[in-house]
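Structure below; questions to follow.
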Amino acid sequence: MKQCTHADALPHPEPEPRSETCPECLAEGTEPVQLRLCLFCGHVGCCDSSPGRHATAHHEDTGHPVMRTFEPGEDWRWCFVDHVLV
């Protein structure tokens, strides 16, 4: 089974969210479907079901590999590089 090779490099504690919603969606006037939190810098971006796909764009722009859900009641992480749940 494939594993994430980036989990050990995650900062502890995890970074504080820089916003409560996706700032790119806010600027564009669109509604995010669900939110993701970058576990390296605290950027909040929208998921791939959202029109802007800003969480993925953040990964592509920065190389930050791991994000977690920023939705109440959910508890999972995704590694964009290794394409696995962490």
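The values are calculated or read from the model by the stated rules, or taken from the named source; none is laboratory data. Remember, it's a predicted structure, so these values are computed and weren't measured experimentally. For neighbour counting, all protein chains shown are included, and Cβ atoms are generated from backbone atoms with ideal geometry for every residue, glycine included. Areas reflect the complete protein model, heavy atoms only, side chains present, ligands, DNA and RNA absent. Shrake-Rupley method; radii C 1.70, N 1.55, O 1.52, S 1.80 Å.
Just one of (1) assigned to a loop (DSSP other than H, G, I, E, B); (2) β-branched (Val, Ile, Thr); (3) open to solvent by less than 60 Å² (accessible area, probe 1.4 Å) trips up THR56, so point out which.
(1)
Look through region 59-71, keep the residues that are under 19 Å from HIS6 (Cβ atoms) and not in a strand (DSSP E or B), and return whichever of them is least open to solvent (accessible area, probe 1.4 Å).
So, considering only residues that are under 19 Å from HIS6 (Cβ atoms) and not in a strand (DSSP E or B), the one least open to solvent (accessible area, probe 1.4 Å) is PRO65.
Then there is this: Considering only region 77-86, state which residues are assigned to a loop (DSSP other than H, G, I, E, B) and open to solvent by 40 Å² or more (accessible area, probe 1.4 Å).
VAL81, HIS83, VAL86
Filter region 1-50 down to the residues that are open to solvent by 100 Å² or more (accessible area, probe 1.4 Å) and either not polar (S, T, N, Q) or not in a loop (DSSP other than H, G, I, E, B) (or both) and list them by number.
Of everything in region 1-50, those that are open to solvent by 100 Å² or more (accessible area, probe 1.4 Å) and either not polar (S, T, N, Q) or not in a loop (DSSP other than H, G, I, E, B) (or both) turn out to be MET1, LYS2, ASP8, HIS12, PRO13, GLU16, ARG18, GLU20, LEU26, GLU28, GLU31.
Mind checking which pairs have a first residue in region 1-26 that is under 17 Å from THR69 (Cβ atoms) and without any contact (Cβ under 8 Å) to a residue 40 or more places away in the chain and a second that is assigned to a helix (DSSP H, G or I) and not acidic (Asp, Glu), Cβ under 6 Å, 6 or more apart or different chains?
CYS22/HIS54
Being surrounded by 15 or more Cβ atoms within 10 Å (Cβ to Cβ) and either part of a loop (DSSP other than H, G, I, E, B) or not hydrophobic (A, V, I, L, M, F, W, C) (or both) is the requirement here; does GLU74 meet it?
no
All but one of (1) out of contact with any Ser or Thr (no Cβ under 6 Å at 6 or more places or on another chain); (2) in contact (Cβ under 8 Å) with a residue 24 or more places away in the chain hold for GLY63, so report the exception by its number.
(2)
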